[in-house]
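The values are calculated or read from the model by the stated rules, or taken from the named source; none is laboratory data. Since this is a predicted model, take the numbers as computed values, not measurements. Heads up, the Cβs are rebuilt from the backbone with ideal geometry, glycines too, and the neighbour counts pull from every protein chain shown.
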Amino acid sequence: MSRFPADSVGLVTPQRQAFTEPLPLACGKALAQYELVYETYGSLNRAADNAVLICHALSGHHHAAGYHSIEERKPGWWDACIGPGKAIDTNRFFVVSLNNLGGCHGSTGPSSIDPATGKAYGASFPVMTVEDWVNSQARLADVLGIGQWAAVVGGSLGGMQALQWAISYPERLRHCVAIATAPKLSAQNIAFNEVARQAIITDPDFHNGDYAAFGVIPKRGLMLARMVGHITYLSDDSMGEKFGRELRNDQLNYDFNSVEFQVESYLRYQGQEFSGRFDANTYLLMTKALDYFDPAAAHAGNLAKTFEQLQAQCLIMSFTTDWRFSPARSREIVDALLAARKPVSYLEIEAAQGHDAFLLPIPRYIDAFSSYMNRIEVSP
Amino acid sequence: MSLRADLEIIQQWIKPASRVLDLGCGDGELLHYLNQHKQVQGYGLEIDPDKIAHCVRQGVSVIEQNMDKSLDNFADNSFDSVVMTQALQAVHYPDRVLEDMLRIGREAILTFPNFAHWRCRLYLGLKGRMPVSEFMPYTWYNTPNIHFCTFKDFEDLCRQRSIKVLDRLVVDQTHQSRWFSGLWPNLLGEVAIYRVTR
């Protein structure tokens, strides 16, 4: 009957929640009203103690698992980890996955209509921070009747949200799972983001962010931004293995116009595909949220002190070839948790795939992730 | 649940609700026991993926970290007890690890095999070869045990570094204490369990 794999959550329908109470933001502005689009998998138990929140990364969205239609070829972005019998077992957990504010997949963002002007927000959409997102997610939890998450889980920028949850709402989660992430960006991380932003902003079609009014999109800039970003998601090893110095047509052309190496072709394809489905203003906003994330800044840079009020147990995982957020960055988090005397487990997973590893079904990773999640106590 | 014999001895030296760091915690057996029975806040350090997975399954806080590289991320006096079972002979700098254990914890609990046990002496003395036994099954060129020592050696090191031996229990392979090992421990004891402090 079902055409979906047995361990898939199957067909899912996104839901939408409108909020009318203004949301104060770190930048000083407030969002007067907004909508969040989200999906849920599994069912909330009577005690409402089996809910797991999934936080997405830079280009992610609410569609984390399952399929939107029978025709959909690829499942949600974290289908490897969410489903019946998977690491985040939907037979046990009620999983909530949303599109963050400022996103371009249905939640209120730069391409939404600003009720104050009747036109798209465009460049006027406020810069969001990880803290703002967590506050908006807490309001969604309220609406869904979830007083305390069994776990808040995320990779990369999503891991930062999981950490921020544990800091901002210590009593509202029992477990925090932060994967392939960092307690703040390094100068190199920010530098890569700045290159991506410059690529977008200097695109003649950007029009200071109001490209929608001109009926264009800064496609070239967005493509370049994605190409740069994509390099940081892969490892030297995985790129070498995938493409090496392989040529598309077995010959060099001695010019600058042709796509010669396979890796060039791959990056262009990734960039082009991305620029057709992602909003440039959202990309800018997401990179800023990354740059600004630094919860220890409020405690004079002391991360252990930042974790002092934490009540959640933490699982931190990193991947050996991840150079965007290397294992050393995860160890900063672990060391601070140890210094704050909080329960924490840390795994450094041997994986060739670089930063992207957190999205992939790597046996040791999935096994440890499953073991950890399966130990989380929930009412029947 | 019955605890491995040496761990049974060690657990008696751990105070309830204390903080314990277990270096080379294996599958987390000791920490799991201490969590369950003594409300201890424990962390284990381990590098073997399968053993780490086992710890996670048991709910033991485990950190993937090589204690032989550095323990600098652990603050001074941040634990009551630092435990290391059957690993002293396998680290590159046993003296540094010992110093670190006593920097991090108020006391250190260690177990290691005695290379001066009569069977080792006999093997080396008669055969003229590095001892290989059921208990130490490795060949000299392919062994994790790179720093064998004897009880006397260890106690010499403690004296040099002004480390006080609080308890010493000499046992055989099955971790049973025999009356005669109290007489000539360095000859008759196979494994020692030491509790030391500054």
Of (1) farther than 24 Å from A:SER186 by Cβ; (2) over 22 Å from the mean Cα position of the chain (by Cα); (3) within 14 Å of chain B (Cβ to nearest Cβ), A:ALA336 satisfies every one except (1)
Of those in the stretch B:1-22 that are in a loop (DSSP other than H, G, I, E, B) and not hydroxyl-bearing (Ser, Thr, Tyr), the residue farthest from B:VAL196 (Cα to Cα) is B:MET1
Checked A:VAL127, A:VAL134 against criteria (surrounded by 24 or more Cβ atoms within 10 Å (Cβ to Cβ) and either touching a residue at least 24 places away in the same chain (Cβ under 8 Å) or part of a helix (DSSP H, G or I) (or both)); the one match is A:VAL134
With the first residue restricted to the stretch A:218-246 and required to be more than 18 Å from A:GLU194 (Cβ to Cβ), and the second required to be among the polar types (S, T, N, Q), Cβ contacts under 7 Å at 6 or more apart or on different chains are A:LYS219/A:SER275; A:SER235/A:THR321; A:SER235/A:GLN353; A:ASP237/A:THR321; A:SER238/A:GLN353; A:PHE243/A:GLN262; A:GLU246/A:GLN262
Checked against (1) away from chain B (no Cβ under 14 Å); (2) outside any loop (DSSP other than H, G, I, E, B); (3) within 21 Å of the chain's Cα centre (by Cα), A:ALA297 satisfies every condition except (3)
- prompt: Can you find even one residue in the stretch A:91-100 that is surrounded by fewer than 21 Cβ atoms within 10 Å (Cβ to Cβ), touching a residue at least 40 places away in the same chain (Cβ under 8 Å), touching a strand residue (DSSP E or B) at 6+ places or on another chain (Cβ under 9 Å) and among the hydrophobic types (A, V, I, L, M, F, W, C)?
  reply: no
request  = Report whether or not A:SER326 is free of Cβ contacts under 8 Å to residues at least 12 places away in the same chain and either more than 8 Å from chain B (Cβ to nearest Cβ) or not β-branched (Val, Ile, Thr) (or both).
outcome  = yes
Pairing a residue in the stretch A:363-380 that is closer than 19 Å to B:ASP50 by Cβ and more than 10 Å from every other protein chain (Cβ to nearest Cβ) with any residue that is of a type outside the set (Asp, Glu) and part of a helix (DSSP H, G or I), where Cβ atoms lie under 8 Å and the two sit 6 or more apart in sequence or on different chains, gives A:TYR365/A:ALA357; A:TYR365/A:PHE358
Filter the stretch B:61-74 for residues that are assigned to a loop (DSSP other than H, G, I, E, B), at the interface with chain A (Cβ under 8 Å from one of its Cβ atoms) and touching a helix residue (DSSP H, G or I) at 6+ places or on another chain (Cβ under 6 Å); the one that is surrounded by the fewest Cβ atoms within 10 Å (Cβ to Cβ) is B:ASN73
Being more than 17 Å from the chain's Cα centre (by Cα), within 14 Å of another protein chain (Cβ to nearest Cβ) and not in a strand (DSSP E or B) is the requirement here; does B:CYS25 meet it? no
Filtering the stretch B:75-124 down to residues that are of a type in the set (Phe, Trp, Tyr), surrounded by 16 or more Cβ atoms within 10 Å (Cβ to Cβ) and outside any helix (DSSP H, G or I) yields B:PHE79, B:PHE112, B:PHE115
Here the qualifying pairs (Cβ atoms under 9 Å; residues six or more apart or on different chains; first in the stretch A:175-191 and touching a residue at least 60 places away in the same chain (Cβ under 8 Å) and at positive phi; second part of a strand (DSSP E or B) and surrounded by 15 or more Cβ atoms within 10 Å (Cβ to Cβ)) come out as A:ALA180/A:GLY155; A:ALA180/A:MET317; A:ALA180/A:SER318; A:ALA180/A:PHE319
In the stretch A:137-153, anything closer than 17 Å to A:LEU163 by Cα, touching a strand residue (DSSP E or B) at 6+ places or on another chain (Cβ under 6 Å) and in a loop (DSSP other than H, G, I, E, B) is listed as A:ALA150
Quick count over the stretch A:325-361, residues being more than 25 Å from B:GLN41 (Cβ to Cβ), in a loop (DSSP other than H, G, I, E, B) and in contact with a strand residue (DSSP E or B) (Cβ under 6 Å, 6 or more places away or on another chain), is 1
Mind checking whether some residue in the stretch B:61-71 is in contact with a His (Cβ under 7 Å, 6 or more places away or on another chain) and within 27 Å of A:ARG364 (Cα to Cα)? yes
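To keep it simple, each residue is scored yes or no on (1) outside any helix (DSSP H, G or I); (2) of a type in the set (D, E, K, R).
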site: A:GLY271; (1), (2): no, no
site: A:LYS288; (1), (2): no, yes
site: A:GLN311; (1), (2): yes, no
site: A:SER318; (1), (2): yes, no
For the stretch A:211-245, the count of residues that are surrounded by 12 or more Cβ atoms within 10 Å (Cβ to Cβ) and outside any helix (DSSP H, G or I) equals 6
| query | among the polar types (S, T, N, Q), more than 8 Å from every other protein chain (Cβ to nearest Cβ) and farther than 28 Å from B:SER78 by Cα - does that describe any residue in the stretch A:307-321? | reply | yes
Residue count, the stretch A:261-317, condition within 30 Å of A:ILE167 (Cα to Cα) and among the polar types (S, T, N, Q), comes to 8
Qualifying residue in the stretch A:364-374 (condition: at positive phi and at pLDDT 95 or above): no
